Each structure stands twice: as structure tokens, then as C-alpha cells.
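Working notes, structure below.
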Amino acid sequence: MFSKFRKYSVALLALSLCGSFCATAIAKEAEKEPWWKQAVVYEIYPRSFADADNNGVGEIKGITSKLDYLKDLGVDALWITPCYPSPQVDFGYDISDYKAIAPEYGTMADFDELLAEAKKRDIKIIMDFVMNHSSDKHPWFVESASSKDNAKRDWYIWRDGVNGAPPNNWISLFGHSAWKLYPETGQYNYHFFYPEQPDLNWRNSEMRKAMYDAARFWLDKGVAGFRLDAVQALFEDPKLPDNPVKEGKNQYGDPNTEYLHNDRLPEVHDVLRELRAVLDMYPGDRVLIGETTGSDIAEISKSYGKNLDEVQLPMNFIMAYINKLSAPEFRKRISEWDKNPAGGWPLYFFSNHDQVRHFVRYGDKIHNEDIAKLTAAVLMTVRGTPMMYYGEELGMQNNDPKTKEDVQDPIGKIGWPAEIGRDGERTPMQWNSEINAGFSKAKPWLPVSPDYKKVNVASEDADKNSVLNFYKQLIHLRKTEDALKNGSYETLDDHNPDVLSYLRKSKDEIVVVALNMTPAPKFVQLDLSANGISADTAEPLLASFDAGSESLHLKSLKLPAYGVLIGKVN
Ligand code: GLC
């Protein structure tokens, strides 16, 4: 309701700016559901996806060359992790120019070509927006560091030390003090992440404007939105009180502390609202996906905004990292997210470039492929937007470094062996069984997983029972069954400890989903009468086992180990 009103006001504004044609387009949009509610989002780590120039590192042309694959898979939008110029200390999350493309990933012309080719296939591009910090090589920081009275000094956070020590006890998320001394000016600089990633000062209005200008630069080009990196760390308490110290040490050997005064400060919401207003000035329902953590759903939901005027799709890390297959736990987590207190549209994901792949986290080493199909079924059949990480559609697993010398990710170098870093989940995409899994003819920047001869696009394409083909069928079903697109989510058989069952219900269709989360076959009796439905049979739509083609009796269903059954109630 509120967002329709807001879009209507935007339409009026657009009328004055670009005439009646634009305004009609935006007003018409207000009538329909935004595209991102139906979309399947796919995260690409550009270094590792496809290497078109065969130098061992993937790039934008590589992504463009694989658009047909992505279209065939059923993907609607790509979230590309940072591909801006960067010293690559944190593999792109340290940006030295917010309005350009990194030479190692190509040119702006390559990026424009990607946008245009993706558009031809109805695929949208979402950029990663790193607002919390820049690189220490960004010209803004170089200026800021140059003297205490430089005009950009206040664009970053500088403070005097206390008795020859850092200004307070804040610890960087990536290990050790969050303050680096710059002897040139005698002051300390604040960094939530690496010292080479100095935090931008969001209390400075000129810097704020410069960042919104950077956002407009990409929106003008036609990107569909942004994934907001580490967005909750934007503000710090300017009085710099010490953070509470907890028991024990972290993986880097520092005291454990609570990030009380430098994370999730209320001022973050002002910035989220402002940025959202920037996006809402554009037609096409541009979207914000937030890297939004929180200890519970109430906290994560705050990122939607009180009037759903902040991030449309916050990432719910609690749901993604349940880390055990438990029907009661999944039931609880899906329900709380589906009915989040903000009334926002849920986004679901299991894996990304910072966490061990869920093939490993949920797998039991015996039924991993069945489990990969089961988690895919959750992702694609609950009410919400699914977000995938490249390679999960193959059942790609981690290939972790074996020695400290092998590590590329600096947190692995700093924290080895307690923290081995994130290389394992960032290895090259497995395209075929040829050299380097068809990713590159040169030695890849990270080693290809040894399972690539079996786990790759070409061989899974040819196997009708592969994880890849199951993903394709699931995505196809999501797009064709109205109940999966628009239906409500209702749990069934609420006390079953082993099998998660639910309905998706739209005006004209009811779909039932039953997922056996155990390694043993299970019988289930699904009674839909409490949901106001008298029917007790379903026509199988998709199953991970041979469910036959006859109508199934919902009061006596048999599911094999980790079996997935999706049916249309009739
Ligand atoms: C986010 C990114 C991660 C990066 C960090 C600092 O958590 O996902 O990869 O290292 O922010 O930018």
C-alpha cells in the first residue's frame, strides 16, 4: 500500500522531469508486482566463473560467454561480486574507483556488452555496493591521509591515540586492532575489516553524496540494483567507548568482544532509506539486497524499514546457516521468516562466497546429492526469492587449502590454522571434464576441486538424474505453477520430527511439498482438512525418486531417504 503510494509520487516527479511517457511507464509499474519477487538470483564471483582470455582469472567477458547457460538454467538476475578497480587485498571488496571496471576483469565496454547481452535474454545485473569502506589506494583516502587539514580528512575516521595506544579496544572483524597508526600525521585510522579497507565516515555529508552519485552512475547504465556489502557496520559511536570484552579469544588470538558500539547502529537506517529513495527515482523496480545479520528475526527484519522503505531483500543468515537437516528447525525458521514482523518479502539462500558451501555443511558424505536436491527444493518452493551461489546447481563442494602457503585469502593467512580463509568456496566453476574443468586453459588462480571429472556442467547436463537437472526442473516448476509463484505458505503435519511438509496455495491451485530430512525411509500422513481442504490426493509434479504418475494418497505417502516430493493437490 505504502510503496504503491510512494511509486505514485515518484511517477508525479518523473512527469515533471521526463514528460508523460516516463510517468506513464512508472505509474503502470506501480500496478504490478516487482520483478524481484519472482526472480531467481544467481551470485557470480567473477574471478572464478569463466576465464575467456585464458590467464587463470575469470572476467566479465567470461560471464557474458555463459549467459546462454544461465538462461537455460532459469536464472533471472545475476549478483556480481565487486568488479571495480581494486588492489584486490580482499579480492575486490577494497575498491579504488567506484565508477570503473577493474582492468583484470575487462573494460567498461565489456561491462556494457554484458548488460546488453543479458537484457536480450531478460537477465538483470545486480552490482555489489561496498559502502562501509574503500581501498586505502582510493584517491579519496590518499588525500584524506595526506594531512590533518585536508578537505577529505573527515571522509574517513581519524583519531588520536591514548597514551601511545589505539583510541579504544575495538577489534577488526578480520583480526587484531581496528586502528592503524599513520605516523605521517600521528593519528590512527579506523578499519572494521583489513587495514587496507579504511571505513568511510557516513556522518560526512559530502562523502555521502559522492557515494549516492556512484550508485546513480550504475543505475543510469541500467543495473537492476545492488547487494549492499557489510552495510550494518556503516556507523560507529563517535565517542568511541570500549566494546564489552567477552570470555575467550577469537580465531586470530584477540580477546572476544561484542561489536556494541561499531555495528548495527540506528543511523544505518537513515542511509538505507536515503539510498532506497535514490533507487526509487528510477523506473524498473530497482532492488536492494542487504548483507544484513542479526541475532534474531526481529533484528534482521528492521532492515526492511518501518514502512518497507529500506532494503527490499535482506539476507537472513540464521535461515542459511541452520547447518543441520532438522525438520523442526527448518519449519520454525521458514515460518518466522515468512511471517517476519516487518511484513517484508523473504529472500532465501544457503551459500555465498564467505561461507563453506552448503553441499558440505548439510551433506552426510553418503547422500550428499540427495541432500543437495532437498535443499534446492526448499530454496525453490518456499514463498520468497531464491538466491543461488555459482556451482551449487552442480553440487560443487569446497576445495580448501591444505597448507598455509596455499592460502590466497588474507584472513586465512592471518588466522591459519584456526581460520583457513574462504578460498575453498571460491574455486573455479566446473564446466566440463577437460583441463582445469574447462574454466581456463591457464593454471587457475585457485585449484579446481578434484571431483570435477564427475561434477561439471557437461556431464550433469547429460544425466537426467543429476543435481543440475533437478535444479532446472525445480526452477521451471516455480515459473509455471501459480501456487509456487504467488501462493501463501502453510505448514502441514507440524509435529513431525523427520519430514517437513507444507502447502503453497494460490486462488486457483494448491501445491504440496514433502521433504524427508532423514537417512531412513519415512511414511507420512498429510491431512489437509485443518487447512480447509477436503482433497486428499495429489498429482506428482516433481520428485527426487520415482513417484510414478498416478495420483498419490496424501494420507499414506512413502518417502525414501532424503526424498523430495512436490505435487498438485486435486
Ligand atoms: C562482506 C563480503 C566479504 C568481504 C567483507 C568486507 O562480508 O561478503 O567477502 O570480505 O564484506 O568487504
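The values are calculated or read from the model by the stated rules, or taken from the named source; none is laboratory data. Since this is a predicted model, take the numbers as computed values, not measurements. For neighbour counting, all protein chains shown are included, and Cβ atoms are generated from backbone atoms with ideal geometry for every residue, glycine included. Accessible surface is based on the protein model in full, side chains and every heavy atom, while ligands, DNA and RNA are left aside. Shrake-Rupley method; radii C 1.70, N 1.55, O 1.52, S 1.80 Å.
Mind telling me which of the residues 240, 200, 275 ends up being under 22 Å from residue 302 (Cα atoms) and at pLDDT 95 or above? Give the derivation first.
Values: 240 fails: under 22 Å from residue 302 (Cα atoms); 200 fails: under 22 Å from residue 302 (Cα atoms).
Only one candidate qualifies: 275.
Could you tell me which of the residues 341, 328 is in a helix (DSSP H, G or I), modelled with pLDDT of 95 or more and more than 19 Å from the chain's Cα centre (by Cα)? Before the answer, list the steps.
On the way: 341 fails: in a helix (DSSP H, G or I).
From the options 341, 328, the qualifying one is 328.
Of all the residues that make up region 280-310, how many are within 15 Å of the ligand (Cβ to nearest atom) and in a loop (DSSP other than H, G, I, E, B)?
4
Only one of these is of a type outside the set (Gly, Ala, Ser) and without any contact (Cβ under 8 Å) to a residue 40 or more places away in the chain: 124, 120. Name it. Write out each step before concluding.
On the way: 124 fails: without any contact (Cβ under 8 Å) to a residue 40 or more places away in the chain.
120 is the lone residue from the list that is of a type outside the set (Gly, Ala, Ser) and without any contact (Cβ under 8 Å) to a residue 40 or more places away in the chain.
Would you point out the residue of region 46-65, among those that are touching a residue at least 60 places away in the same chain (Cβ under 8 Å) and not aliphatic (A, V, I, L, M), that is surrounded by the most Cβ atoms within 10 Å (Cβ to Cβ)?
Pass one, region 46-65, residues touching a residue at least 60 places away in the same chain (Cβ under 8 Å): 47-51, 54-58.
Applying the additional criterion that residues be not aliphatic (A, V, I, L, M) yields 47-49, 51, 54-56, 58.
Working: 47: 26, 48: 27, 49: 25, 51: 26, 54: 12, 55: 15, 56: 17, 58: 29.
Going through the qualifying residues, I end up with 58.
Considering region 203-240 alone, what residues qualify as being within 12 Å of the ligand (Cβ to nearest atom) and on the phi > 0 side of the Ramachandran plot?
230
If you take just the strands (runs of 3 or more DSSP E) that sit entirely in region 175-245, which of them hold at least 1 residues that are out of contact with any Asp or Glu (no Cβ under 7 Å at 6 or more places or on another chain) and surrounded by fewer than 19 Cβ atoms within 10 Å (Cβ to Cβ)? It would help to see each step written out before you state the result.
Numbers: elements: 179-182, 187-190, 225-229.
Once the strands (runs of 3 or more DSSP E) in region 175-245 are filtered for at least 1 residues that are out of contact with any Asp or Glu (no Cβ under 7 Å at 6 or more places or on another chain) and surrounded by fewer than 19 Cβ atoms within 10 Å (Cβ to Cβ), what remains is 179-182.
So residue 492 fits all but one of (1) of a type outside the set (Phe, Trp, Tyr); (2) more than 26 Å from the chain's Cα centre (by Cα); (3) within 30 Å of residue 55 (Cβ to Cβ); what number is the exception?
The failed condition is (3).
Mind checking which residues of region 482-491 are surrounded by fewer than 22 Cβ atoms within 10 Å (Cβ to Cβ) and in contact with a helix residue (DSSP H, G or I) (Cβ under 8 Å, 6 or more places away or on another chain)?
Answer for region 482-491, where residues must be surrounded by fewer than 22 Cβ atoms within 10 Å (Cβ to Cβ) and in contact with a helix residue (DSSP H, G or I) (Cβ under 8 Å, 6 or more places away or on another chain): 485, 489, 490, 491.
How about region 286-303: which of its residues are more than 12 Å from residue 264 (Cα to Cα) and touching a Leu at 6+ places or on another chain (Cβ under 9 Å)?
286, 287, 288, 289, 290
Residue 148 fails exactly one of the following numbered conditions: (1) within 16 Å of the ligand (Cβ to nearest atom); (2) outside the structural domain of residue 209 (by TED's automatic domain parsing); (3) on the phi < 0 side of the Ramachandran plot. What is the number of that condition?
(1)
If we scan region 147-159, do we find a residue that is surrounded by fewer than 17 Cβ atoms within 10 Å (Cβ to Cβ), modelled with pLDDT of 95 or more and under 30 Å from residue 64 (Cα atoms)? Steps first, answer last, please.
We begin by selecting, within region 147-159, every residue surrounded by fewer than 17 Cβ atoms within 10 Å (Cβ to Cβ); these are 147-151, 154, 159.
Cutting the leftovers down to modelled with pLDDT of 95 or more gives us 147-151, 154, 159.
When the remaining residues are screened for being under 30 Å from residue 64 (Cα atoms), the result is none.
No.
Among (1) more than 16 Å from the ligand (Cβ to nearest atom); (2) outside the structural domain of residue 386 (by TED's automatic domain parsing), where does residue 200 come up short?
(1)
From the residues in region 536-570 that are among the small types (Gly, Ala, Ser) and assigned to a loop (DSSP other than H, G, I, E, B), which one is most open to solvent (accessible area, probe 1.4 Å)?
Within region 536-570, the first condition is being among the small types (Gly, Ala, Ser), and the residues that meet it are 538, 543-544, 547-549, 551, 556, 561, 563, 567.
From what is left, the residues that are assigned to a loop (DSSP other than H, G, I, E, B) are 544, 547-549, 551, 556, 561, 563.
On the way: 544: 33, 547: 22, 548: 47, 549: 100, 551: 61, 556: 79, 561: 24, 563: 1 Å².
By that ranking, first place goes to 549.
Name the residue that is nearest to residue 275 (Cα to Cα), counting only residues in region 84-138 that are within 16 Å of the ligand (Cβ to nearest atom), in a strand (DSSP E or B) and of a type outside the set (A, V, I, L, M, F, W, C).
Ranking the qualifying residues of region 84-138, first place goes to 128.
Taking residue 259 and the conditions (1) within 16 Å of the ligand (Cβ to nearest atom); (2) in contact with a Pro (Cβ under 8 Å, 6 or more places away or on another chain), which numbered condition does it fall short on, given that it satisfies the others?
(2)
Read through the list (1) under 22 Å from residue 286 (Cα atoms); (2) of a type outside the set (D, E, K, R); (3) within 16 Å of the ligand (Cβ to nearest atom), then give the number of the only condition that residue 346 fails.
(3)
Taking only pairs six or more apart or across chains, which ones have beta-carbon atoms under 6 Å, a first residue in region 399-414 that is under 16 Å from residue 91 (Cβ atoms), and a second residue that is open to solvent by 70 Å² or more (accessible area, probe 1.4 Å)?
Once the first residue is under 16 Å from residue 91 (Cβ atoms) and sits in region 399-414, its partners that are open to solvent by 70 Å² or more (accessible area, probe 1.4 Å) give 407/413.
Taking region 246-279 on its own, how many of its residues are among the basic types (Lys, Arg), surrounded by fewer than 17 Cβ atoms within 10 Å (Cβ to Cβ) and either in a helix (DSSP H, G or I) or within 25 Å of the chain's Cα centre (by Cα) (or both)? Talk me through it step by step, then tell me what you get.
Kept after step one, since they are among the basic types (Lys, Arg), are these residues of region 246-279: 246, 249, 264, 273, 276.
If we keep only those that are surrounded by fewer than 17 Cβ atoms within 10 Å (Cβ to Cβ) as well, we get 246, 249, 273.
Applying the additional criterion that residues be either in a helix (DSSP H, G or I) or within 25 Å of the chain's Cα centre (by Cα) (or both) yields 273.
Matching residues across region 246-279 total 1.
Can residue 310 be described as of a type in the set (Asp, Glu) and under 24 Å from residue 520 (Cα atoms)? Walk me through how you get there before you give the answer.
Details: of a type in the set (Asp, Glu): yes; under 24 Å from residue 520 (Cα atoms): no.
In short, no.
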